[in-house]
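In what follows, a structure is listed as C-alpha coordinates, so that the remarks can point back to it.
The values are calculated or read from the model by the stated rules, or taken from the named source; none is laboratory data. Keep in mind the model is a prediction, meaning the values are calculated, not measured. Here the Cβ is made from the backbone with ideal geometry for all residues, glycine too, and neighbour counts use every protein chain on show.
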Amino acid sequence: MMPDQEKKFTPGELAGADGAPGRPAHVAYEGRVYDVGVSELWAGGQHMGLHQAGADLTAELADAPHGPEVLERVPRVGVLAAAQAPPASASRAVLPGGSLGRLLKRYPLLQRHPHPMLVHFPIVFLLAAPAFSLLSLAAGTLSFETTAFHCLCAGVLFTPPAILTGLFTWWLNYQARPLTPVRRKLVLAPTLLVVSAAALIWRLADPEALRRGLKGPSWLYLGLLLALVPLVVAVGWYGASLTFPLHEGDRGG
Amino acid sequence: MLTVNLKGLEGEPHREGLLQACPRFRRWLHPAVVHFPIVFMWATTFFALIYLYTGNQSFESTSFHCLGGGVLTTPGAILTGRATHRLNFPGENGTISLERRLSWLLLALAVTAFAWRAANPRVLLELKGANFLYLALLLALTTLVTVTSYFGGMLTYPLEATPPETGVS
(Lines give C-alpha, C1' and ligand atoms only; values in the text may rest on other atoms or scores of the structure.)
Protein backbone atom coordinates (compact mmCIF):
# COMPACT_ATOMS: atom_id res chain seq x y z
CA MET A 1 0.00 0.00 0.00
CA MET A 2 1.37 3.41 -0.93
CA PRO A 3 1.80 5.84 1.93
CA ASP A 4 -0.72 8.35 0.52
CA GLN A 5 -3.35 5.59 0.35
CA GLU A 6 -2.81 4.49 3.91
CA LYS A 7 -5.43 5.01 6.56
CA LYS A 8 -4.74 8.03 8.70
CA PHE A 9 -5.23 7.45 12.41
CA THR A 10 -6.02 10.34 14.68
CA PRO A 11 -4.47 10.12 18.16
CA GLY A 12 -7.94 9.36 19.47
CA GLU A 13 -8.43 6.47 17.05
CA LEU A 14 -5.04 5.11 17.97
CA ALA A 15 -5.85 5.34 21.67
CA GLY A 16 -9.02 3.33 21.03
CA ALA A 17 -7.02 0.48 19.48
CA ASP A 18 -5.68 -0.63 22.85
CA GLY A 19 -6.23 -4.37 22.50
CA ALA A 20 -9.07 -4.49 25.00
CA PRO A 21 -11.62 -7.26 24.31
CA GLY A 22 -13.29 -6.59 20.98
CA ARG A 23 -10.84 -3.84 20.02
CA PRO A 24 -7.77 -3.98 17.77
CA ALA A 25 -4.26 -3.53 19.15
CA HIS A 26 -2.29 -0.88 17.30
CA VAL A 27 0.88 0.99 18.15
CA ALA A 28 2.56 3.91 16.42
CA TYR A 29 6.23 4.29 15.72
CA GLU A 30 7.71 7.34 13.98
CA GLY A 31 4.36 8.25 12.48
CA ARG A 32 3.51 4.78 11.24
CA VAL A 33 0.80 2.61 12.76
CA TYR A 34 1.21 -1.15 13.19
CA ASP A 35 -1.23 -3.92 14.07
CA VAL A 36 0.44 -5.77 16.93
CA GLY A 37 -2.72 -7.72 17.72
CA VAL A 38 -1.42 -10.51 15.47
CA SER A 39 1.57 -11.06 17.75
CA GLU A 40 1.36 -13.39 20.74
CA LEU A 41 3.82 -11.08 22.47
CA TRP A 42 1.07 -8.45 22.59
CA ALA A 43 -1.71 -10.62 24.03
CA GLY A 44 -4.37 -8.45 25.63
CA GLY A 45 -2.78 -5.34 24.15
CA GLN A 46 0.21 -5.48 26.45
CA HIS A 47 3.84 -6.26 25.80
CA MET A 48 6.10 -7.45 28.62
CA GLY A 49 3.59 -5.97 31.08
CA LEU A 50 5.16 -2.62 30.29
CA HIS A 51 4.01 -1.32 26.92
CA GLN A 52 0.35 -0.73 26.13
CA ALA A 53 -1.22 -0.81 22.69
CA GLY A 54 -3.07 2.29 21.58
CA ALA A 55 -0.05 4.50 22.11
CA ASP A 56 2.82 6.07 20.22
CA LEU A 57 5.81 4.01 21.31
CA THR A 58 8.49 5.97 19.48
CA ALA A 59 10.08 7.22 22.67
CA GLU A 60 9.61 3.97 24.59
CA LEU A 61 11.27 1.93 21.87
CA ALA A 62 14.44 3.90 22.42
CA ASP A 63 14.77 2.07 25.74
CA ALA A 64 13.85 -1.37 24.43
CA PRO A 65 16.39 -4.18 24.16
CA HIS A 66 15.42 -4.64 20.52
CA GLY A 67 15.23 -2.26 17.61
CA PRO A 68 12.16 -1.06 15.70
CA GLU A 69 12.84 -3.68 13.04
CA VAL A 70 10.69 -6.12 15.02
CA LEU A 71 7.70 -4.10 13.87
CA GLU A 72 8.35 -5.38 10.36
CA ARG A 73 6.94 -8.68 11.59
CA VAL A 74 3.47 -7.21 11.98
CA PRO A 75 1.21 -5.53 9.41
CA ARG A 76 1.52 -1.81 8.89
CA VAL A 77 -2.03 -0.50 8.85
CA GLY A 78 -1.66 3.24 8.42
CA VAL A 79 -0.06 6.44 9.52
CA LEU A 80 -0.58 8.71 12.46
CA ALA A 81 -2.47 11.78 11.30
CA ALA A 82 -0.73 14.21 13.59
CA ALA A 83 2.50 15.20 11.83
CA GLN A 84 4.50 15.23 15.01
CA ALA A 85 6.54 12.11 14.74
CA PRO A 86 9.28 12.22 17.35
CA PRO A 87 12.88 11.87 16.25
CA ALA A 88 14.24 8.48 15.30
CA SER A 89 14.98 6.04 18.05
CA ALA A 90 18.54 6.35 19.22
CA SER A 91 18.70 2.71 20.23
CA ARG A 92 18.45 1.52 16.67
CA ALA A 93 21.54 -0.27 15.49
CA VAL A 94 23.34 1.76 12.84
CA LEU A 95 25.55 -0.66 11.00
CA PRO A 96 28.97 0.45 9.83
CA GLY A 97 30.07 -0.05 6.27
CA GLY A 98 32.72 -2.49 5.11
CA SER A 99 33.27 -6.06 6.16
CA LEU A 100 32.03 -5.49 9.72
CA GLY A 101 28.72 -4.13 8.46
CA ARG A 102 28.33 -7.08 6.10
CA LEU A 103 29.14 -9.50 8.89
CA LEU A 104 26.57 -7.92 11.22
CA LYS A 105 23.96 -7.89 8.50
CA ARG A 106 24.57 -11.53 7.70
CA TYR A 107 24.53 -12.57 11.35
CA PRO A 108 22.11 -10.21 13.15
CA LEU A 109 22.65 -12.27 16.30
CA LEU A 110 26.00 -10.49 16.61
CA GLN A 111 24.37 -7.06 16.86
CA ARG A 112 22.82 -7.31 20.31
CA HIS A 113 23.44 -10.74 21.75
CA PRO A 114 27.18 -11.12 22.42
CA HIS A 115 27.23 -8.85 25.48
CA PRO A 116 24.08 -10.17 27.19
CA MET A 117 25.32 -13.71 26.60
CA LEU A 118 28.86 -13.12 27.83
CA VAL A 119 28.03 -11.14 30.96
CA HIS A 120 26.39 -14.19 32.52
CA PHE A 121 29.83 -15.67 33.10
CA PRO A 122 31.69 -12.97 35.05
CA ILE A 123 28.53 -12.21 37.02
CA VAL A 124 28.08 -15.77 38.28
CA PHE A 125 31.74 -16.71 38.60
CA LEU A 126 32.58 -13.56 40.55
CA LEU A 127 29.63 -14.15 42.86
CA ALA A 128 30.49 -17.83 43.19
CA ALA A 129 34.07 -17.06 44.27
CA PRO A 130 33.10 -15.32 47.54
CA ALA A 131 30.18 -17.73 48.05
CA PHE A 132 32.38 -20.84 47.86
CA SER A 133 35.02 -19.10 50.00
CA LEU A 134 32.47 -18.48 52.73
CA LEU A 135 31.24 -22.04 52.36
CA SER A 136 34.79 -23.25 52.79
CA LEU A 137 35.22 -21.22 55.96
CA ALA A 138 31.87 -22.32 57.35
CA ALA A 139 32.20 -25.99 56.50
CA GLY A 140 35.95 -26.30 56.85
CA THR A 141 36.06 -28.11 53.52
CA LEU A 142 39.15 -27.07 51.60
CA SER A 143 37.83 -28.24 48.23
CA PHE A 144 35.27 -25.41 48.35
CA GLU A 145 38.17 -22.96 48.58
CA THR A 146 39.71 -24.53 45.48
CA THR A 147 36.38 -24.19 43.69
CA ALA A 148 36.30 -20.53 44.74
CA PHE A 149 39.76 -20.09 43.24
CA HIS A 150 38.70 -21.74 39.97
CA CYS A 151 35.62 -19.55 39.80
CA LEU A 152 37.76 -16.48 40.47
CA CYS A 153 40.07 -17.46 37.59
CA ALA A 154 37.09 -17.93 35.27
CA GLY A 155 35.56 -14.64 36.38
CA VAL A 156 38.76 -12.71 35.70
CA LEU A 157 39.09 -14.39 32.30
CA PHE A 158 35.54 -13.57 31.24
CA THR A 159 35.42 -9.97 32.47
CA PRO A 160 37.54 -8.36 29.69
CA PRO A 161 35.46 -9.92 26.87
CA ALA A 162 32.32 -8.82 28.69
CA ILE A 163 33.64 -5.25 28.87
CA LEU A 164 34.70 -5.26 25.22
CA THR A 165 31.38 -6.61 23.95
CA GLY A 166 29.63 -4.08 26.18
CA LEU A 167 31.56 -1.24 24.55
CA PHE A 168 30.72 -2.67 21.14
CA THR A 169 27.00 -2.90 22.00
CA TRP A 170 27.07 0.66 23.33
CA TRP A 171 28.70 1.92 20.14
CA LEU A 172 26.50 -0.05 17.75
CA ASN A 173 23.09 0.10 19.41
CA TYR A 174 23.22 3.29 21.47
CA GLN A 175 25.61 5.30 19.27
CA ALA A 176 27.89 5.69 22.33
CA ARG A 177 25.45 8.14 23.91
CA PRO A 178 26.44 9.13 27.47
CA LEU A 179 23.58 7.23 29.12
CA THR A 180 23.70 7.28 32.90
CA PRO A 181 23.73 3.47 33.36
CA VAL A 182 26.53 3.15 30.81
CA ARG A 183 28.60 5.92 32.41
CA ARG A 184 28.36 4.13 35.75
CA LYS A 185 29.21 0.79 34.21
CA LEU A 186 32.24 2.36 32.56
CA VAL A 187 33.61 3.03 36.05
CA LEU A 188 32.31 -0.04 37.85
CA ALA A 189 33.32 -2.72 35.34
CA PRO A 190 37.04 -1.80 35.24
CA THR A 191 36.97 -1.50 39.04
CA LEU A 192 35.52 -5.01 39.19
CA LEU A 193 38.28 -6.26 36.93
CA VAL A 194 40.99 -4.63 39.04
CA VAL A 195 39.61 -5.96 42.34
CA SER A 196 39.09 -9.49 41.00
CA ALA A 197 42.52 -9.52 39.35
CA ALA A 198 44.11 -8.32 42.60
CA ALA A 199 42.42 -11.15 44.50
CA LEU A 200 43.52 -13.65 41.89
CA ILE A 201 47.14 -12.51 42.01
CA TRP A 202 47.06 -12.66 45.80
CA ARG A 203 45.68 -16.21 45.74
CA LEU A 204 48.23 -17.30 43.14
CA ALA A 205 51.07 -15.86 45.22
CA ASP A 206 49.72 -17.31 48.47
CA PRO A 207 47.59 -20.44 47.92
CA GLU A 208 47.07 -20.69 51.67
CA ALA A 209 45.58 -17.19 51.86
CA LEU A 210 42.27 -18.49 53.16
CA ARG A 211 43.17 -22.06 54.05
CA ARG A 212 45.06 -21.25 57.21
CA GLY A 213 42.01 -19.54 58.67
CA LEU A 214 41.08 -15.94 59.07
CA LYS A 215 43.97 -14.09 60.62
CA GLY A 216 46.03 -11.07 59.64
CA PRO A 217 46.14 -10.41 55.88
CA SER A 218 43.63 -13.21 55.23
CA TRP A 219 40.93 -10.79 56.29
CA LEU A 220 42.00 -8.41 53.53
CA TYR A 221 41.92 -11.20 50.97
CA LEU A 222 38.43 -12.15 52.12
CA GLY A 223 37.52 -8.46 51.98
CA LEU A 224 38.59 -8.32 48.34
CA LEU A 225 36.44 -11.34 47.55
CA LEU A 226 33.43 -9.90 49.38
CA ALA A 227 33.89 -6.56 47.60
CA LEU A 228 33.15 -8.40 44.36
CA VAL A 229 29.53 -8.91 45.45
CA PRO A 230 28.38 -5.25 45.53
CA LEU A 231 30.45 -4.50 42.44
CA VAL A 232 28.91 -7.32 40.42
CA VAL A 233 25.41 -6.48 41.66
CA ALA A 234 25.86 -2.81 40.74
CA VAL A 235 27.19 -3.59 37.25
CA GLY A 236 24.38 -6.09 36.69
CA TRP A 237 21.81 -3.64 38.04
CA TYR A 238 22.77 -0.91 35.58
CA GLY A 239 22.88 -3.42 32.75
CA ALA A 240 19.38 -4.60 33.63
CA SER A 241 18.15 -1.02 33.76
CA LEU A 242 19.15 -0.70 30.11
CA THR A 243 17.50 -3.97 29.10
CA PHE A 244 14.40 -3.67 31.26
CA PRO A 245 13.91 0.04 31.96
CA LEU A 246 11.44 1.02 34.63
CA HIS A 247 9.63 4.20 33.71
CA GLU A 248 6.31 5.95 33.37
CA GLY A 249 5.23 3.39 30.81
CA ASP A 250 4.65 0.97 33.67
CA ARG A 251 1.02 2.01 33.82
CA GLY A 252 -1.43 0.91 36.39
CA GLY A 253 -3.77 -1.84 35.27
CA MET B 1 4.90 9.29 39.66
CA LEU B 2 5.53 5.71 38.70
CA THR B 3 2.54 3.42 39.02
CA VAL B 4 2.80 -0.31 38.96
CA ASN B 5 1.07 -2.55 36.48
CA LEU B 6 -0.75 -5.20 38.51
CA LYS B 7 -2.22 -7.08 35.60
CA GLY B 8 -2.17 -10.80 36.30
CA LEU B 9 -2.42 -10.31 40.06
CA GLU B 10 -6.07 -9.40 40.42
CA GLY B 11 -7.42 -10.69 43.71
CA GLU B 12 -4.01 -11.50 45.15
CA PRO B 13 -3.34 -8.60 47.52
CA HIS B 14 -0.16 -10.03 49.07
CA ARG B 15 1.47 -10.35 45.66
CA GLU B 16 0.12 -6.97 44.58
CA GLY B 17 1.79 -5.50 47.65
CA LEU B 18 5.07 -7.16 46.76
CA LEU B 19 4.95 -5.75 43.25
CA GLN B 20 4.03 -2.31 44.55
CA ALA B 21 7.01 -2.42 46.90
CA CYS B 22 9.40 -3.62 44.21
CA PRO B 23 8.07 -3.12 40.67
CA ARG B 24 11.28 -4.52 39.23
CA PHE B 25 10.17 -7.98 40.36
CA ARG B 26 7.80 -7.97 37.40
CA ARG B 27 10.56 -8.34 34.84
CA TRP B 28 13.94 -8.46 36.55
CA LEU B 29 13.65 -11.49 38.78
CA HIS B 30 13.76 -14.26 36.18
CA PRO B 31 16.50 -12.73 34.00
CA ALA B 32 18.59 -12.25 37.15
CA VAL B 33 18.07 -15.75 38.53
CA VAL B 34 18.64 -17.61 35.25
CA HIS B 35 22.24 -16.42 35.16
CA PHE B 36 23.07 -18.99 37.82
CA PRO B 37 21.86 -22.30 36.33
CA ILE B 38 23.13 -21.26 32.91
CA VAL B 39 26.67 -20.61 34.11
CA PHE B 40 26.78 -23.41 36.67
CA MET B 41 25.66 -26.00 34.10
CA TRP B 42 28.19 -24.73 31.60
CA ALA B 43 30.90 -24.71 34.26
CA THR B 44 30.04 -28.28 35.27
CA THR B 45 30.83 -29.55 31.79
CA PHE B 46 33.73 -27.19 31.27
CA PHE B 47 35.57 -28.12 34.46
CA ALA B 48 34.91 -31.82 33.87
CA LEU B 49 36.54 -31.54 30.46
CA ILE B 50 39.48 -29.62 31.95
CA TYR B 51 39.89 -32.45 34.46
CA LEU B 52 39.86 -35.03 31.66
CA TYR B 53 42.45 -33.00 29.76
CA THR B 54 44.78 -32.17 32.65
CA GLY B 55 44.16 -35.04 35.05
CA ASN B 56 44.01 -32.53 37.92
CA GLN B 57 41.33 -33.90 40.25
CA SER B 58 40.55 -30.53 41.80
CA PHE B 59 38.82 -29.58 38.53
CA GLU B 60 36.57 -32.61 38.86
CA SER B 61 35.68 -31.48 42.35
CA THR B 62 34.90 -27.99 41.06
CA SER B 63 32.72 -29.53 38.35
CA PHE B 64 30.74 -31.36 41.05
CA HIS B 65 30.36 -28.21 43.14
CA CYS B 66 29.14 -26.28 40.11
CA LEU B 67 26.67 -29.08 39.39
CA GLY B 68 25.38 -28.64 42.93
CA GLY B 69 25.03 -24.91 42.28
CA GLY B 70 23.10 -25.67 39.09
CA VAL B 71 20.76 -28.11 40.84
CA LEU B 72 20.08 -25.60 43.63
CA THR B 73 19.38 -22.63 41.36
CA THR B 74 17.41 -24.27 38.53
CA PRO B 75 14.14 -24.59 40.51
CA GLY B 76 14.35 -20.87 41.35
CA ALA B 77 14.77 -20.10 37.65
CA ILE B 78 11.76 -22.26 36.76
CA LEU B 79 9.57 -20.66 39.42
CA THR B 80 10.52 -17.10 38.50
CA GLY B 81 10.02 -18.02 34.86
CA ARG B 82 6.45 -19.06 35.64
CA ALA B 83 5.84 -15.77 37.42
CA THR B 84 7.35 -13.79 34.54
CA HIS B 85 5.17 -15.68 32.07
CA ARG B 86 2.06 -14.98 34.09
CA LEU B 87 2.80 -11.30 34.61
CA ASN B 88 4.25 -10.36 31.25
CA PHE B 89 3.02 -12.79 28.62
CA PRO B 90 -0.64 -13.54 29.44
CA GLY B 91 -2.00 -16.50 27.52
CA GLU B 92 -0.25 -19.38 25.85
CA ASN B 93 3.10 -18.83 24.22
CA GLY B 94 4.79 -21.60 22.23
CA THR B 95 8.31 -20.44 22.97
CA ILE B 96 7.67 -20.26 26.70
CA SER B 97 6.02 -23.69 26.76
CA LEU B 98 9.02 -25.21 25.03
CA GLU B 99 11.40 -23.39 27.37
CA ARG B 100 9.46 -24.69 30.37
CA ARG B 101 9.59 -28.31 29.18
CA LEU B 102 13.31 -28.05 28.46
CA SER B 103 13.92 -26.57 31.91
CA TRP B 104 12.25 -29.50 33.65
CA LEU B 105 14.27 -31.93 31.53
CA LEU B 106 17.42 -30.00 32.42
CA LEU B 107 16.59 -30.22 36.11
CA ALA B 108 15.90 -33.96 35.88
CA LEU B 109 19.22 -34.63 34.16
CA ALA B 110 21.13 -32.40 36.54
CA VAL B 111 19.62 -34.07 39.61
CA THR B 112 20.41 -37.50 38.13
CA ALA B 113 24.02 -36.53 37.49
CA PHE B 114 24.38 -34.98 40.94
CA ALA B 115 22.94 -38.04 42.68
CA TRP B 116 25.21 -40.32 40.63
CA ARG B 117 28.32 -38.31 41.47
CA ALA B 118 27.34 -38.06 45.14
CA ALA B 119 26.88 -41.82 45.32
CA ASN B 120 30.06 -42.57 43.40
CA PRO B 121 32.70 -39.83 43.74
CA ARG B 122 35.01 -41.72 41.38
CA VAL B 123 32.53 -41.87 38.51
CA LEU B 124 34.56 -39.48 36.37
CA LEU B 125 37.92 -40.51 37.79
CA GLU B 126 37.41 -44.05 36.53
CA LEU B 127 35.98 -43.33 33.12
CA LYS B 128 35.00 -46.69 31.70
CA GLY B 129 31.85 -48.64 30.91
CA ALA B 130 28.67 -47.13 32.30
CA ASN B 131 30.60 -44.18 33.71
CA PHE B 132 30.73 -42.77 30.19
CA LEU B 133 27.01 -42.21 30.61
CA TYR B 134 27.80 -39.77 33.43
CA LEU B 135 30.05 -37.81 31.08
CA ALA B 136 27.28 -37.88 28.47
CA LEU B 137 24.90 -36.48 31.08
CA LEU B 138 27.28 -33.60 31.76
CA LEU B 139 27.60 -32.89 28.05
CA ALA B 140 23.81 -33.00 27.70
CA LEU B 141 23.48 -30.36 30.43
CA THR B 142 25.44 -27.84 28.39
CA THR B 143 23.44 -28.58 25.28
CA LEU B 144 20.12 -28.32 27.09
CA VAL B 145 20.96 -25.14 28.96
CA THR B 146 22.19 -23.53 25.74
CA VAL B 147 19.00 -24.37 23.88
CA THR B 148 16.81 -23.28 26.79
CA SER B 149 18.59 -19.96 27.21
CA TYR B 150 18.50 -19.40 23.45
CA PHE B 151 14.71 -19.40 23.54
CA GLY B 152 14.75 -17.17 26.60
CA GLY B 153 17.14 -14.81 24.85
CA MET B 154 14.91 -14.66 21.81
CA LEU B 155 12.06 -13.39 24.01
CA THR B 156 14.23 -10.62 25.41
CA TYR B 157 16.22 -9.82 22.29
CA PRO B 158 14.21 -10.93 19.26
CA LEU B 159 16.24 -11.07 16.10
CA GLU B 160 15.36 -8.29 13.74
CA ALA B 161 13.46 -9.49 10.70
CA THR B 162 15.48 -7.18 8.52
CA PRO B 163 18.81 -5.82 9.69
CA PRO B 164 19.42 -2.09 9.33
CA GLU B 165 21.00 -0.79 6.20
CA THR B 166 24.77 -0.80 6.02
CA GLY B 167 26.96 2.13 5.18
CA VAL B 168 25.15 4.57 7.45
CA SER B 169 27.03 5.93 10.42
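Within region A:95-124, restricting attention to residues that are surrounded by 23 or more Cβ atoms within 10 Å (Cβ to Cβ), within 7 Å of chain B (Cβ to nearest Cβ) and modelled with pLDDT of 90 or more, which residue is nearest to the chain's Cα centre (by Cα)?
A:123
Among the residues of region A:148-169, is any over 30 Å from residue A:212 (Cα atoms) and touching a Ser or Thr at 6+ places or on another chain (Cβ under 8 Å)?
no
Against the definition (in a helix (DSSP H, G or I), modelled with pLDDT under 95, more than 30 Å from residue A:51 (Cα to Cα) and in the same structural domain as residue A:146 (by TED's automatic domain parsing)), how does residue A:192 come out, yes or no?
On the way: in a helix (DSSP H, G or I): yes; modelled with pLDDT under 95: no; more than 30 Å from residue A:51 (Cα to Cα): yes; in the same structural domain as residue A:146 (by TED's automatic domain parsing): yes.
The answer is no for residue A:192.
Looking at A:204, A:228, can you tell me which residue is touching a Gly at 6+ places or on another chain (Cβ under 9 Å), part of a helix (DSSP H, G or I) and farther than 20 Å from residue A:113 by Cβ? So that I can check it myself, show each step before the final result.
Working: A:204 fails: touching a Gly at 6+ places or on another chain (Cβ under 9 Å).
The conditions single out A:228.
Only one of B:107, B:138, B:72, B:124 is crowded, with 21+ Cβ neighbours inside 10 Å, more than 27 Å from residue A:47 (Cβ to Cβ) and within 19 Å of the chain's Cα centre (by Cα). Can you tell me which?
B:138
Right, residue A:66: modelled with pLDDT under 85 and more than 30 Å from residue A:194 (Cα to Cα) or not? Explain how you work it out, then say what you get.
On the way: modelled with pLDDT under 85: yes; more than 30 Å from residue A:194 (Cα to Cα): yes.
Yes.
How many residues does region B:134-160 hold that are in a loop (DSSP other than H, G, I, E, B) and not hydroxyl-bearing (Ser, Thr, Tyr)? Please lay out each step first, then the result.
Step one: filter region B:134-160 for residues in a loop (DSSP other than H, G, I, E, B), giving B:157-160.
Okay, now just the ones that are also not hydroxyl-bearing (Ser, Thr, Tyr), so B:158-160.
Of the residues in that region, 3 qualify.
Would you point out which residue out of A:54, A:12, A:49 is touching a helix residue (DSSP H, G or I) at 6+ places or on another chain (Cβ under 7 Å), farther than 23 Å from residue A:174 by Cβ and modelled with pLDDT under 80?
Values: A:54 fails: modelled with pLDDT under 80; A:12 fails: touching a helix residue (DSSP H, G or I) at 6+ places or on another chain (Cβ under 7 Å).
Going through A:54, A:12, A:49 in turn, just one is touching a helix residue (DSSP H, G or I) at 6+ places or on another chain (Cβ under 7 Å), farther than 23 Å from residue A:174 by Cβ and modelled with pLDDT under 80: A:49.
Return the residues of region A:125-153 that are within 10 Å of another protein chain (Cβ to nearest Cβ) and under 24 Å from the mean Cα position of the chain (by Cα); say none if nothing qualifies.
A:125, A:127, A:128, A:151
So which of A:219, A:171 ends up being free of Cβ contacts under 8 Å to residues at least 12 places away in the same chain and under 26 Å from residue A:57 (Cβ atoms)? Give the steps one after another, and end with the answer.
Values: A:219 fails: under 26 Å from residue A:57 (Cβ atoms).
It is A:171.
For region A:136-146, does any single residue satisfy the condition of being without any contact (Cβ under 8 Å) to a residue 12 or more places away in the chain, touching a His at 6+ places or on another chain (Cβ under 8 Å), assigned to a helix (DSSP H, G or I) and under 20 Å from residue B:40 (Cβ atoms)?
yes
Kindly check whether there is at least one residue in region B:145-163 that is free of Cβ contacts under 8 Å to residues at least 12 places away in the same chain, over 30 Å from residue A:96 (Cβ atoms) and surrounded by fewer than 17 Cβ atoms within 10 Å (Cβ to Cβ).
No - not one qualifying residue is present in region B:145-163.
Residue-wise test of (1) within 14 Å of another protein chain (Cβ to nearest Cβ); (2) assigned to a helix (DSSP H, G or I).
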position: B:48; (1), (2): yes, yes
position: B:52; (1), (2): no, yes
position: B:67; (1), (2): yes, yes
position: B:76; (1), (2): yes, yes
position: B:85; (1), (2): yes, yes
position: B:100; (1), (2): no, yes
position: B:104; (1), (2): no, yes
position: B:123; (1), (2): no, no
position: B:132; (1), (2): no, yes
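Could you grab me the full set of residues in region B:27-42 that are within 10 Å of another protein chain (Cβ to nearest Cβ) and over 20 Å from residue A:233 (Cβ atoms)?
Across region B:27-42, the qualifying residue is only B:42.
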